[in-house]
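Visitor: I'd like to ask you about the structure that follows.
The values are calculated or read from the model by the stated rules, or taken from the named source; none is laboratory data. Given the structure is predicted, the values throughout are model-derived calculations rather than measurements. As a convention, Cβ positions derive from the backbone with ideal geometry for all residues, glycine included, and neighbour counts pool all protein chains shown.
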Amino acid sequence: ALVACGVSGCAEPAPTPDDARVFLEEAEARLLDLWVDAGRAAWVQNTYITDDTTALAADAQTAVIGATMALASEAARFDAIELPQNLRRKMLLLKTSMGVAAPVDSALQAELSQITTGMESTYGQGEFCPEGEEACLDLPTMQRMFADVRETDELLAIWSGWRGVSREMRPQYARFVEISNAGARELGFADTGEMWRSGYDMPPDVFTDELERLWGQVQPLYESLHCHVRAQLGEEYGTAVAPDGEPIPAHLLGNMWSQTWTNIYETVKPSRRSRGYDLTRQLERRGVDELEMVRYGERFFSSLGFAPLPTTFWDRSLFLQPVDHDAVCHASAWNIDFESDIRMKMCIGVNSEDFGTIHHELGHNYYQRAYSNQDPLYRTSANDGFHEGVGDTISLSITPEYLVEVGLLDRIPSEDVEIDLLLRQALDKIAFLPFGLLVDQWRWRVFSGEITPDRYNTAWWQLRQEYQGIRAPVSRSEDDFDPGAKYHVPANTPYTRYFLAHILQFQFHRALCAAAGIEGPLHRCSVYGSREAGARLATMLEMGASKPWPEALERLTGVREMDATAILDYFAPLSSWLNQQNEGRACGWDVG
Ligand code: X8Z
Ligand code: ZN
């Protein structure tokens, strides 16, 4: 290009779109190398936590952040020129490819990585040692207790006990917020929250409105479910424990975080007469082990036409909780080389919940493999809700009919179990919705400075009460840091993605059922064995992030908008049933 010279001297030549193309190609090659290195280090840290593996993982993350920040600042020279859409898209993806940014100062980058990696290791190593008892309890053990134990005192003890682990994270978290915000600002975002909200192919504040709209669609159904569950808990434990018109104490819902309530199905089920089926029992009865559970998941994807998992998946994954060292047991899916080295990391238990989570993780893995032919910056999902929604979509096809077909159930329960099945499903999918929203409502306000460190815990419980209608069962203070007791906060994984996934998976499911030519109610549809459904799904997965998400959604569903009508259709019969049950009850709760 020509060098323009004026009275004040000669300006740098304006860069061309070709310069941008070359810049991005080199940037992607460099980043890919660093991502692979960081992935290997993080894998070892996650599956074998020690001070050393934590330090090595932090170093590798520092290298990614350092390189990405340098590239992003170089990329600024293309800000003012006209670029083809795909190159402009990659310029933004370059910035948002980091879960967290740090200023261009290597000391701060290292400090940030050490904090985040350290908090994740702390979480993974966390345990609760009850007074006067020999053994300490790790998180998987306490999670199983939440599923089985009904003694409220015992539940209360582990509920508070686990929250002892996150207290030490509070100062680290405050420092993390400071540094990551400074990094986000260097990239031109207002703060880390705005950086996160910039990954949805629309202005961040429009995205916020979208969330409000979707929540508005499903909120009435959540409140009906909440009302019925509270009434049933009142019958079980007494209305003094779960009074009408008040938030539900958080230790009674069968889950450490009260985020899904399936474990209290027996308490809230429609009638004493046990109907439907219990998948956990079926798995146990048949002696299905952890690996075989994964095989069931693989066979489902194979039935849709996806290629079998590579042998390296079986050799390199972690399926069982290690007995002689610590690991981060929170389930996750990895693609170490961004091509075919896909792995799952999960401390599998033989139960129905983990059967679902296996499909969830496999959804990530099949997505990762499907987009591996895209350019490196496009090797991710259309938006992060899509990544979280794929495996769950497949899980929606785990119907009684499917279970009978694969030999996990003897016979299809009679038609009158419809409400039983839907209620169980709602305790998972509907109960989750407000939790899926509030985690980042808290973090966004923390990043923006609206919630200051001296109000971290108070603000957390205000949101828990407002959105979920639950309350802490024992008094909390600002010495506690209860958000840190939820994996995604110390691990710095955005959470709105799960809310989106819970809406999207029903849209995906509805589209796949249509592609498979299956009629009838959505909740009885299984696309198992449908090559048509599989092919339709694959066309969307293969796109990765190469196009704005509405285009990916359109490929699969024919529409360009996220929309809750699919989830509402699915639960329509339950919704009427709940309304009948709730007649005469004072629903809702005081928001404090
Ligand atoms: O974290 C997960 C997955 C890994 S991406 C197991 N989920 C959220 C959670 O457990 O809090 C899946 C649903 C919500
Ligand atoms: Zn996931």
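Visitor: Can you name every one of the helices (runs of 4 or more DSSP H) wholly within the range 155-267 that holds 2 or more residues which are β-branched (Val, Ile, Thr)?
Guide: 169-186, 204-237
Visitor: Scan 456, 366 and give me the residue that is within 15 Å of ligand 2 (Cβ to nearest atom), crowded, with 21+ Cβ neighbours inside 10 Å and among the aromatic types (Phe, Trp, Tyr).
Guide: Being within 15 Å of ligand 2 (Cβ to nearest atom), crowded, with 21+ Cβ neighbours inside 10 Å and among the aromatic types (Phe, Trp, Tyr) holds for just one of 456, 366, which is 366.
Visitor: Only one of (1) in contact (Cβ under 8 Å) with a residue 40 or more places away in the chain; (2) surrounded by fewer than 21 Cβ atoms within 10 Å (Cβ to Cβ) is not met by residue 157, so which one is it?
Guide: (1)
Visitor: Turning to a different aspect of this structure: Tell me which residues, restricted to the range 56-71, are within 20 Å of residue 176 (Cβ to Cβ), in contact (Cβ under 8 Å) with a residue 40 or more places away in the chain and not polar (S, T, N, Q).
Guide: The answer is 57, 58, 59, 65, 66, 69.
Visitor: Could you check the range 328-408 for helices (runs of 4 or more DSSP H) lying wholly inside it with 2 or more residues that are touching a Leu at 6+ places or on another chain (Cβ under 9 Å) and either within 12 Å of ligand 1 (Cβ to nearest atom) or of a type in the set (A, V, I, L, M, F, W, C) (or both)?
Guide: The helices (runs of 4 or more DSSP H) meeting that bar are 352-370, 384-395.
Visitor: Pairs only if they're at least six apart or on different chains, beta carbon under 6 angstrom, first in the range 12-25 and farther than 10 Å from residue 83 by Cβ, second outside any helix (DSSP H, G or I) and at pLDDT below 95; list them, first residue then second.
Guide: 13/1; 13/3
Visitor: What's the total number of residues in the range 458-475 that are touching an Asp or Glu at 6+ places or on another chain (Cβ under 9 Å) and free of Cβ contacts under 8 Å to residues at least 40 places away in the same chain?
Guide: So the answer is 4.
Visitor: Can you tell me which of 468, 462 is more than 16 Å from ligand 1 (Cβ to nearest atom) and within 23 Å of residue 429 (Cα to Cα)?
Guide: It is 462.
Visitor: When you scan the range 294-327, how many residues do you find that are more than 26 Å from residue 486 (Cα to Cα) and within 16 Å of ligand 1 (Cβ to nearest atom)?
Guide: Total satisfying the criteria: 1.
Visitor: Then there's this: Within the range 418-440, identify whether any single residue is closer than 28 Å to residue 309 by Cα, away from ligand 2 (no atom under 15 Å from the Cβ) and more than 15 Å from the chain's Cα centre (by Cα), and answer yes or no.
Guide: The answer is no, given that none of the residues of the range 418-440 is closer than 28 Å to residue 309 by Cα, away from ligand 2 (no atom under 15 Å from the Cβ) and more than 15 Å from the chain's Cα centre (by Cα).
Visitor: Among the residues that make up the range 257-271, is at least one of them among the polar types (S, T, N, Q), more than 16 Å from ligand 1 (Cβ to nearest atom) and at pLDDT below 95?
Guide: Yes, that holds for at least one residue.
Visitor: Quick check: is even one residue across the range 418-430 outside any helix (DSSP H, G or I) and either modelled with pLDDT under 95 or of a type outside the set (A, V, I, L, M) (or both)?
Guide: No, because not a single residue in the range 418-430 is outside any helix (DSSP H, G or I) and either modelled with pLDDT under 95 or of a type outside the set (A, V, I, L, M) (or both).
Visitor: Related question: Pairs only if they're at least six apart or on different chains, beta carbon under 7 angstrom, first in the range 376-398 and within 15 Å of ligand 2 (Cβ to nearest atom), second among the acidic types (Asp, Glu) and in a helix (DSSP H, G or I); list them, first residue then second.
Guide: 391/361
Visitor: Output the number of the condition that residue 498 fails; it satisfies all remaining conditions of (1) more than 21 Å from the chain's Cα centre (by Cα); (2) assigned to a helix (DSSP H, G or I).
Guide: (1)
Visitor: A further question on this structure: Looking at the range 243-267, I want the residues that are on the phi > 0 side of the Ramachandran plot and have a partner that is aromatic (Phe, Trp, Tyr) with Cβ atoms under 8 Å, at least 6 apart or on another chain. Which pairs are those?
Guide: Short answer, once both residue conditions are applied: 245/589; 254/146; 254/261; 258/435.
Visitor: Do we find a residue being farther than 18 Å from residue 175 by Cα, of a type outside the set (Lys, Arg) and in a helix (DSSP H, G or I) anywhere in the range 475-495?
Guide: no
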